[in-house]
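The values are calculated or read from the model by the stated rules, or taken from the named source; none is laboratory data. The model shown is predicted, which means the values in this text are computed figures rather than measured ones. No Cβ is skipped: glycine too gets one built from the backbone with ideal geometry, and neighbour counts run over all protein chains shown. We work out accessible area using only protein heavy atoms, side chains counted, and drop any ligands, DNA or RNA first. Shrake-Rupley method; radii C 1.70, N 1.55, O 1.52, S 1.80 Å.
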Amino acid sequence: MKIDKTAVLLITFNRPDTTKSVIEAIIKYNPERLYVFSDGPRENKKVEDLILIKQIRELVKSIDWKGALFTRFMETNQGCGLGVSGAISWAFENEEQLIILEDDCVPSQSFFGFCNKLLDTYAYDTRIMHIAGTRWNEEYEVDDTSYFFSKYAHIWGWATWKRSWIKYDFLMQDWPDFRHKGLLHTILDNYFPLYKRWEYMFDNLYNQARKHTWDYQWQFAVFKNNGLCITPVKNLVTNIGDVGVHFSETTSAHHRKRDEIEEVLTEPKYFHSAYEFDKYHGRTFYLKGRSKFKLLYDATVAKILSKAKSKAI
């Protein structure tokens with residue numbers, strides 16, 4: 001069966017150089033429909049931003065291919081929170097599934113085929129909420145398959161369905177109840193240092209009057225709905241955004257090698273998250289940089305204090 005090419009959403013702001021590289025990859029893929037969101041200038045950097053934003057919009061308008069182009073060019077800055085989440089919701093007004101790229105995430109060409117195939121395969125399987133293009137902790141070997149399932153939703157090049165996105169809540173209104181029922185403990189294997197890390201992030205985000213991010217809310221939606229995230233065994237996307245709006249310095253996560261993946265995909269043998277990988281990934285990725293003393297303290301003293309506080313409330 002021939003699989004139609006899924007529409008692509010490209011999210012841009014003020015980085016014409018990296019945007020150009022991503023657009024070149026998209027043009028090679030040659031989607032039938034391309035959605036481009038361009039955020040507006042920040043008030044405190046309006047002159048500088050306008051120059052760069054204009055370059056990006058001219059670049060987008062000059063794209064020469066037979067597909068349909070849909071643009072959402074903002075006059076004022078929406079920010080990383082409402083801007084990105086609003087762009088995804090905008091594209092889903094007309095699409096049932098999407099491949100989503102930000103302006104510094106350059107995919108390999110097989111990333112598009114990977115997403116296309118799996119979007120079609122799991123179109124009606126509500127257990128699957130997310131398809132990632134990045135593969136972290138490549139030193140950890142998984143089964144000899146093309147992809148596996150994880151509970152972690154990485155967003156440097158990804159794809160999803162409208163059926164999943166409707167579960168997204170920018171305000172995370174259910175977080176207090178979710179936390180109170182202890183559901184996050186179960187998801188994170190009752191490992192208190194990891195629980196503490198996610199609780200802090202979700203608490204901080206929930207209490208922000210103006211939320212400056214969107215992706216933690218998406219991860220919460222996956223956690224809340226016990227969703228599975230498809231993860232490729234090979235890394236298919238390179239982040240080339242050294243510095244700028246989101247990062248103040250280059251990190252080890254940037255410029256990771258991107259691979260191609262075989263066209264015929266081999267499926268996981270079992271339909272559940274790769275528990276041992278998630279356990280390893282949670283500790284090495286999300287707790288990276290924490291000292292052994294800090295981890296031991298959180299796993300013992302901080303855990304006891306937290307339980308005592310909960311009983312006192």
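Name the residue that is nearest to LEU50 (Cα to Cα), counting only residues in region 1-25 that are at pLDDT 95 or above and touching a Pro at 6+ places or on another chain (Cβ under 9 Å). So, considering only residues that are at pLDDT 95 or above and touching a Pro at 6+ places or on another chain (Cβ under 9 Å), the one nearest to LEU50 (Cα to Cα) is ASN14.
Considering region 154-219, the qualifying helices (runs of 4 or more DSSP H), each wholly inside and each with 2 or more residues that are over 26 Å from LEU101 (Cα atoms) and under 20 Å from the mean Cα position of the chain (by Cα), run over 183-187, 192-207. A count restricted to region 256-270 and to residues that are open to solvent by 80 Å² or more (accessible area, probe 1.4 Å) and under 16 Å from THR121 (Cα atoms) stands at 5.
The residue list GLU48, GLU96 contains one member that is modelled with pLDDT of 95 or more, open to solvent by 30 Å² or more (accessible area, probe 1.4 Å), of a type in the set (Asp, Glu) and within 30 Å of GLU267 (Cβ to Cβ), which is GLU96. Can you tell me which of (1) touching a helix residue (DSSP H, G or I) at 6+ places or on another chain (Cβ under 9 Å); (2) within 23 Å of LEU10 (Cβ to Cβ); (3) hydrophobic (A, V, I, L, M, F, W, C) is the one LEU118 doesn't meet? For LEU118, the exception is condition (1). Anything in region 30-48 that is within 13 Å of LEU101 (Cα to Cα) and assigned to a helix (DSSP H, G or I)? List them, or say none. Matches in region 30-48: none. Selection within region 129-144: residues that are in contact with a strand residue (DSSP E or B) (Cβ under 9 Å, 6 or more places away or on another chain) and surrounded by fewer than 22 Cβ atoms within 10 Å (Cβ to Cβ). The member of this set that is nearest to ILE56 (Cα to Cα) is TRP136.
The single condition from (1) among the β-branched types (Val, Ile, Thr); (2) under 26 Å from PHE277 (Cβ atoms); (3) surrounded by fewer than 23 Cβ atoms within 10 Å (Cβ to Cβ) that ILE166 fails is (2). Is there a residue in region 12-19 that is closer than 16 Å to LEU69 by Cα and part of a strand (DSSP E or B)? Yes, some residue in region 12-19 is closer than 16 Å to LEU69 by Cα and part of a strand (DSSP E or B). Kindly provide the set of residues from region 276-286 that are more than 14 Å from ARG135 (Cβ to Cβ) and out of contact with any Asp or Glu (no Cβ under 8 Å at 6 or more places or on another chain), ordered by number. If the condition is that a residue be more than 14 Å from ARG135 (Cβ to Cβ) and out of contact with any Asp or Glu (no Cβ under 8 Å at 6 or more places or on another chain), then GLU276, ARG283, TYR286 are the ones that fit. Residues that are buried (at least 22 other Cβ atoms within 10 Å of the Cβ), of a type in the set (Val, Ile, Thr) and touching a residue at least 12 places away in the same chain (Cβ under 8 Å) occur at least once in region 56-75. Scoring VAL22 on the criteria (1) open to solvent by 80 Å² or more (accessible area, probe 1.4 Å); (2) touching a residue at least 24 places away in the same chain (Cβ under 8 Å) leaves a single failure, condition (1).
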